[in-house]
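In what follows, a single structure is set out as C-alpha cells and then discussed.
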C-alpha cells in the first residue's frame, strides 16, 4: 500500500509545481488562511488515486471535509500543506497522506516537491526518506536543541491565539527556534533528525496524521499538546526525541510561568 500512496503523493506534488509555474487563483478562507486552485486540483487528484487503493475508506481532505471524523477506515489528506508559503513563492510546502485503518494510522507519506523528498512510514516497519531509514535525534538537553512551532491562522489584534510566554521560554533555553509554515514538513524533519522537537496547538487531523506516524516510526515520542495520548482528533501535538520530551512538555505546559 505504501508504494501506491507515495506514487499518489508524488503525482500531486508534481501537479503543485506545474500550477505554480503556470499561475493560479487565490481566495481567502478565513482569518489569514488562503486557498488556491492548486489545493483544489491536488485534492481532486488524490481523491481519485487513493480511492483506487481502498475504495471503501472515507476521504477526509482539508478542502472537502467539514465535520467530525468518521468511524472506520479513512484517508486523512492535506493536498497542499503550507498554502501561504506556496502563494508567496516560498518553497516550503508539502503533500500529506495518512491512512487510518480503523484503530491506528497505519501508513503515512509526506512529499516535498520542491526538494524531491519523500518521507514514508508503515506501522511497525520504520520511517524512511527516499528509501533510506531515518531516526530522531538523541539530543538530551534543550540547550542543544533546534525546535520548531507554528502560528495559528485565526489571530487578530489583541488575540494572537498563542501563548507568547512559551516562545519566550524556549527562546531562552533552546539553541534555535524555527517556524517553517508546514506542520507536515516540521514533523518529517523531527523524524529525520533535522529538528529535535516540534509543538503546535490549533492543528487539524490532516496537518498531523502522517507526520505523527513518521515520528513514532523513527523512534520519537508523540503526545497531544498537554502530554496525553495523541489521536487524529487531538487539537495539537508535541513531538521530539525521547530524551527531551519531558523538558518540552514542561515548557509548553507551565514552565514559562516559573
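The values are calculated or read from the model by the stated rules, or taken from the named source; none is laboratory data. Keep in mind the model is a prediction, meaning the values are calculated, not measured. Note: ideal-geometry Cβ built from the backbone for every residue, glycine included; neighbour counts use all protein chains shown.
None of 163, 224 is at pLDDT below 95, more than 20 Å from residue 61 (Cβ to Cβ) and surrounded by fewer than 24 Cβ atoms within 10 Å (Cβ to Cβ) except 163.
Against the condition touching a residue at least 40 places away in the same chain (Cβ under 8 Å), surrounded by fewer than 16 Cβ atoms within 10 Å (Cβ to Cβ), on the phi < 0 side of the Ramachandran plot and in contact with a helix residue (DSSP H, G or I) (Cβ under 7 Å, 6 or more places away or on another chain), how does residue 168 come out, does it pass?
Values: touching a residue at least 40 places away in the same chain (Cβ under 8 Å): yes; surrounded by fewer than 16 Cβ atoms within 10 Å (Cβ to Cβ): yes; on the phi < 0 side of the Ramachandran plot: yes; in contact with a helix residue (DSSP H, G or I) (Cβ under 7 Å, 6 or more places away or on another chain): yes.
Considered against the rule, which asks whether it is touching a residue at least 40 places away in the same chain (Cβ under 8 Å), surrounded by fewer than 16 Cβ atoms within 10 Å (Cβ to Cβ), on the phi < 0 side of the Ramachandran plot and in contact with a helix residue (DSSP H, G or I) (Cβ under 7 Å, 6 or more places away or on another chain), residue 168 comes out as yes.
Evaluating residue 98 against the criteria (1) touching a helix residue (DSSP H, G or I) at 6+ places or on another chain (Cβ under 8 Å); (2) surrounded by fewer than 23 Cβ atoms within 10 Å (Cβ to Cβ) leaves one unmet condition, (2). Considering only residues in region 133-153 that are free of Cβ contacts under 8 Å to residues at least 40 places away in the same chain and in contact with a strand residue (DSSP E or B) (Cβ under 9 Å, 6 or more places away or on another chain), the one that is surrounded by the most Cβ atoms within 10 Å (Cβ to Cβ) turns out to be 151.
Of everything in region 65-91, what is in a loop (DSSP other than H, G, I, E, B) and either in contact with a helix residue (DSSP H, G or I) (Cβ under 6 Å, 6 or more places away or on another chain) or not assigned by TED's automatic domain parsing to the domain that holds residue 27 (or both)? Give them in sequence order. Give the derivation first.
Taking region 65-91 and keeping what is in a loop (DSSP other than H, G, I, E, B), we get 65-73, 82, 88-91.
If the condition is that a residue be in a loop (DSSP other than H, G, I, E, B) and either in contact with a helix residue (DSSP H, G or I) (Cβ under 6 Å, 6 or more places away or on another chain) or not assigned by TED's automatic domain parsing to the domain that holds residue 27 (or both), then no residue fits.
Being crowded, with 19+ Cβ neighbours inside 10 Å, touching a strand residue (DSSP E or B) at 6+ places or on another chain (Cβ under 6 Å) and at pLDDT below 95 is a property that holds for residue 62.
Checking the structure you have, find out if any residue of region 209-216 is in contact with a strand residue (DSSP E or B) (Cβ under 7 Å, 6 or more places away or on another chain) and surrounded by fewer than 24 Cβ atoms within 10 Å (Cβ to Cβ). Yes, that holds for at least one residue.
Residues in region 115-152 that are outside any strand (DSSP E or B) and either over 17 Å from residue 211 (Cβ atoms) or modelled with pLDDT under 95 (or both): how many? Outline the logic, then answer.
If we filter region 115-152 for residues that are outside any strand (DSSP E or B), which is where we start, we get 115-116, 123-126, 130-131, 135-145, 150-152.
Narrowing further to those that are either over 17 Å from residue 211 (Cβ atoms) or modelled with pLDDT under 95 (or both): 116, 124, 131, 138-145, 150-152.
Adding up the residues that qualify gives 14.
With the checklist (1) modelled with pLDDT of 95 or more; (2) surrounded by fewer than 21 Cβ atoms within 10 Å (Cβ to Cβ); (3) over 19 Å from residue 132 (Cα atoms) in hand, flag the one item residue 194 doesn't pass. Answer for residue 194: the failing condition is (3). Checked against (1) surrounded by fewer than 16 Cβ atoms within 10 Å (Cβ to Cβ); (2) closer than 18 Å to residue 108 by Cα, residue 26 passes all but condition (2). Do we have residue 79 as modelled with pLDDT of 95 or more and crowded, with 23+ Cβ neighbours inside 10 Å here? Spelling it out, residue 79 is indeed modelled with pLDDT of 95 or more and crowded, with 23+ Cβ neighbours inside 10 Å.
In region 11-21 there is at least one residue matching the filter, namely being touching a residue at least 12 places away in the same chain (Cβ under 8 Å), under 20 Å from the mean Cα position of the chain (by Cα) and within 28 Å of residue 231 (Cβ to Cβ).
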